[in-house]
């Protein structure tokens, strides 16, 4: 075969491949994994998980509904005018695995910067305060569906919600042998598909028959429903929401995660 014949054959193969892609647009190769991008997203999820463990940051030395046990001091410096509360919380949670609160928060000018410091404390509900049920390994995992489908958009990877992220999360949990219940806000179909639909149609779209799919009634807040269910059953919630507006969520078992190209990864529960 001459060089000309080889080149002509290669051109013919490329043309056929292009024609195949045009005729079957749904048959696309899976995106190549990007280890560096996934590592960066994993680090962000781990930072969020640490930040979520700190329930309160206050200049006070006590909190009315929590019993506190001091663990040690944490400090860092920041330029003037730059808040350090979030970074201080992450540092405290990483240094003291039992830390749940920062008390005695204070700032001290030091040169052109500000030194922030606080006392990391373990925390538990005071006697008589309603407490969530102890997390149970066999309990159904509750998935905050409206939050999970936004993981890639919130990371700046896409411009819209991704159903594939939720499907990947369900697959991961089922592979662990867990029962899965997904709870959505009532407007989720508009978020995903631009129109309303019944929970039955949504379930068919998700195409994971082993998972229980629920959607709140219009006007009902999915977060509250999700948290109340976890509070009474001891279930773990999969979500990147910190639920700061829901005091009952403070001692629940949470599981954070991320997604890249529709392939999710879950961190261990905290």
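Just so you know, all these numbers are worked out from the coordinates, no wet-lab data involved. Here the structure is a predicted model, which is why all the values come from computation and not from measurement. Cβ: placed from backbone, ideal geometry, glycine included. Neighbour counts: every protein chain shown.
Once the Cα gyration tensor of the stretch 48-132 is diagonalised, what are the square roots of 5 times its eigenvalues, in whole Å and ordered largest first, as equivalent ellipsoid semi-axes?
25, 13, 10
Measure out, as a whole number of angstrom, how far apart the alpha-carbon centroids of the stretch 210-227 and the stretch 241-270 sit.
About 16 Å separates the Cα centre of the stretch 210-227 from the one of the stretch 241-270.
Roughly how tilted is helix 35-53, in degrees to the nearest 10 and between 0 and 90, from the longest Cα axis of the chain?
The angle comes out at about 30 degrees.
According to a simple spin-label model (label point 7 Å from Cα along Cα-to-Cβ), what is the distance in nm between residue 136 and residue 179?
0.9 nm
Label residue 160 and residue 210 with points 7 Å out from Cα along Cα→Cβ: what is the distance between them in nm?
Between residue 160 and residue 210, the label points sit 2.9 nm apart.
For Cα pairs less than 8 Å apart in space and 6+ apart in sequence, what is the mean separation divided by the residue count of the stretch 57-125, i.e. the relative contact order in percent?
46 percent
Return 136, 100 ranked ascending by Cβ neighbour count within 10 Å, so the fewest neighbours appear first. The partial results should precede the final answer.
Details: 136 12, 100 22.
Ordered from fewest to most neighbouring Cβ atoms within 10 Å, 136, 100 come out as 136, 100.
Using a/c under 1.5 as the rounded threshold, could you call the stretch 56-99 rounded, prolate or oblate? The axes a ≥ b ≥ c are square roots of the C-alpha gyration tensor eigenvalues, and prolate needs a/b larger than b/c, oblate otherwise.
Verdict is oblate for the stretch 56-99.
Angle, helix 222-233 long axis vs. longest principal axis of the chain, Cα atoms, 0 to 90°, nearest 10?
70 degrees
Determine by what factor the alpha-carbon radius of gyration of the stretch 131-266 differs from 2.2 N^0.38 Å, reporting the quotient.
0.98
As I understand it, the value is the acute angle between the Cα axis of helix 85-95 and the longest principal axis of the Cα atoms of the chain; what does it come to in degrees, rounded to 10?
It is inclined by approximately 90 degrees.
If we count other beta carbons within 10 Å of each Cβ, what is the order of 95, 255, fewest first?
Numbers: 95 14, 255 20.
Ordered from fewest to most neighbouring Cβ atoms within 10 Å, 95, 255 come out as 95, 255.
Quick one: go through the stretch 56-78 and flag any residue whose amide nitrogen is under 20 Å from the point 7 Å out along the Cα-to-Cβ line of residue 129.
56-72
I'd like the distance between the alpha-carbon centres of the stretch 138-172 and the stretch 88-109, rounded to an integer number of Å.
Using only Cα atoms to place each centre, the spacing works out to 30 Å.
Most exposed first by the Cβ proxy, i.e. fewest other Cβ within 10 Å, how do 254, 197 rank?
Ascending Cβ contact count within 10 Å gives the list 197, 254.
Would you mind putting 42-50, 223-231 in packing order, based on average other-beta-carbon counts within 10 Å, highest first? Could the numbers behind the result be given before it?
Values: 42-50: 17.0, 223-231: 19.7.
Ranked from most to least packed, the peptides come out as 223-231, 42-50.
Calculated from the structure, Cα extents along the principal axes in Å equals which of (i) 71, 65, 36; (ii) 106, 61, 38; (iii) 83, 52, 32?
(iii)
Residue 39 versus residue 220, label points 7 Å from Cα toward the beta carbon: distance in nm?
Modelled inter-label distance: 4.5 nm.
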